[in-house]
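This report refers to the structure that appears directly beneath it.
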Amino acid sequence: MAGPVGDSERSLFGEIIDWMLAPLLLVWPLSIVLTHYLAGSVANYSYDQALLGRVAAITRQITLNGDEPSLPAAARALLRIDESDTVYFRLATRGGRFLAGDRDLPRAEIAAGETPTPGKIYLRDGQHDGQDLRIAYTFLGEPARDENDWVLVEIAETTDQRNQLTSKIVASVALPQFAIIPLAIVLVWFGLSRGLRPLNRLRRTIETRDPGDLSPIATRRVPEELEPLVEAFNEMLGRMKGNVEAQQRFVADAAHQLRTPLTGLKTQAQFAMRETDPESLRHALRQIATGVDRAGHLANQLLTLARAASGEPAQQGHEPLDLALLLREVVEEWVRAASEKGIDLGYEADGPAPIAGNALLLRELIRNLIDNALRYTPAGGHVTCRVTVDGGSVGIEIEDNGIGIGNAQAERLFERFYRGDDSNTTGSGLGLAIVQEIAGQHTARASLQANPKGSGAIARVVFPAWRPVMPLPAGGERRKTPRRPSGR
């Protein structure tokens with residue numbers, strides 16, 4: 001037995017048909033009821049006017065001769081001539097004395113204290129022998145005549161003709177609808193089929209695309225209502241393309257860069273297996289440990305670069321943070337490593353520096369800048385990390401007095417795996433590439449230039465300041481981390 005149909009399996013075509021036809025099938029009976037009411041009003045108005053005219057015509061032929069009114073025989077015969085309806089009439093005084101006509105015709109009841117106007121024709125409903133009647137009546141009299149002697153003239157007709165006319169009007173309206181509604185359903189079906197063709201064409205376009213084709217879908221023939229959907233889909237394809245390219249770059253970089261250290265590790269392991277001298281064996285093992293550290297550092301940098309290049313942090317969003325506090329925390333992590341290399345590592349800041357960013361990646365950016373500075377600064381040198389605030393921008397600077405750089409190298413050092421002209425330092429050439437990638441995701445500018453104070457270089461990353469300023473720890477004074485003497 002087939003399981004229940006989920007929401008994802010519902011047909012858009014069927015949904016539209018349901019919502020279009022259901023109101024139509026509901027409104028159609030209501031239209032019949034409204035048509036019947038309006039047709040009855042039209043029929044009653046027409047026959048009421050004819051009945052009023054008949055009362056007026058008969059009244060003009062009645063003469064009052066003393067106490068007995070006179071109605072010509074021709075007028076009485078005219079009242080009885082009606083092939084499709086039955087007509088009754090009755091003449092009586094207002095006081096209740098019967099004069100002529102149908103004695104048992106319902107008598108017009110006048111409310112107590114109400115005085116009718118002679119000559120004015122009134123209408124009312126009544127019944128006679130189980131038949132519904134429409135009755136028109138008027139009074140004949142003179143002001144000088146006693147009101148009880150006024151003559152009441154009543155003419156009544158059954159409602160058969162009215163009902164027949166109402167039925168004909170309703171039939172003339174309803175019968176065409178029996179043909180129009182099925183025709184409307186067919187036209188709606190055809191119109192929807194035509195209207196959904198662009199959607200089906202878009203579905204076929206997506207289905208027939210090559211699995212590796214992540215190019216955007218053209219919106220030239222896409223209806224206006226589908227453009228937001230296609231644009232959103234193209235944005236998703238763009239993100240997927242970026243992720244795929246980042247993965248491909250990571251695989252290519254990892255395959256290229258890990259090959260050399262792994263080969264070295266294998267060579268060192270082979271040397272160690274052949275060594276019999278304990279001291280030589282320990283030296284080989286130290287070389288292996290160093291190679292493992294380098295390979296691990298390279299792998300971590302490759303993973304960081306791949307994560308930064310994939311745009312993952314941008315999707316998570318940035319949060320307000322204090323760059324000065326973040327820089328101080330990272331600098332404190334590197335004080336011991338700097339001291340072991342005999343390098344003086346310091347920190348300077350002029351108060352809070354609010355920006356919006358991803359703290360995890362910004363820590364990685366700062367670590368790479370400090371690591372790069374320490375690698376290219378000899379023992380006895382110094383590295384200073386500072387935060388600058390200038391109007392609408394916030395920057396960090398890592399200044400060293402190491403080997404320095406040339407102007408021609410400044411731009412190329414941000415390329416992947418480029419290590420400059422110095423061959424005495426260890427590194428993968430990925431640190432500044434990671435800095436550039438993370439800076440780009442924070443709308444920041446990363447640069448590297450020679451130190452104008454002498455030897456060394458200054459790495460600088462400038463971020464847009466965050467406004468409004470969030471509450472940050474007070475600390476307007478100039479701060480520095482403790483410097484540890486390194487061989488001086």
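In straight-distance terms, cross-link reach from K453 covers every one of the lysines whose alpha-carbon lies under 26 Å from its own, apart from those fewer than eight places away in the same chain; here that gives K341, K480. Full extension of the chain between E225 and E275 gives 10.5 nm of extra length, using 0.36 nm per residue less the Cα-Cα distance.
A 1.4 Å probe, protein heavy atoms only, puts the accessible area of T158 near 0 Å². Accessible area per residue (1.4 Å probe, heavy atoms of protein chains only) ranks V33, V87 as V33, V87, with the largest value leading. Measuring with a 1.4 angstrom probe and ignoring ligands and nucleic acids, S280 comes out at about 40 Å² accessible.
The values are calculated or read from the model by the stated rules, or taken from the named source; none is laboratory data. Just so you know, these numbers come straight off a predicted model, no measurement behind them. What goes into the accessible areas is simple: the full protein's heavy atoms, side chains included, and nothing from ligands, DNA or RNA. Shrake-Rupley method; radii C 1.70, N 1.55, O 1.52, S 1.80 Å.
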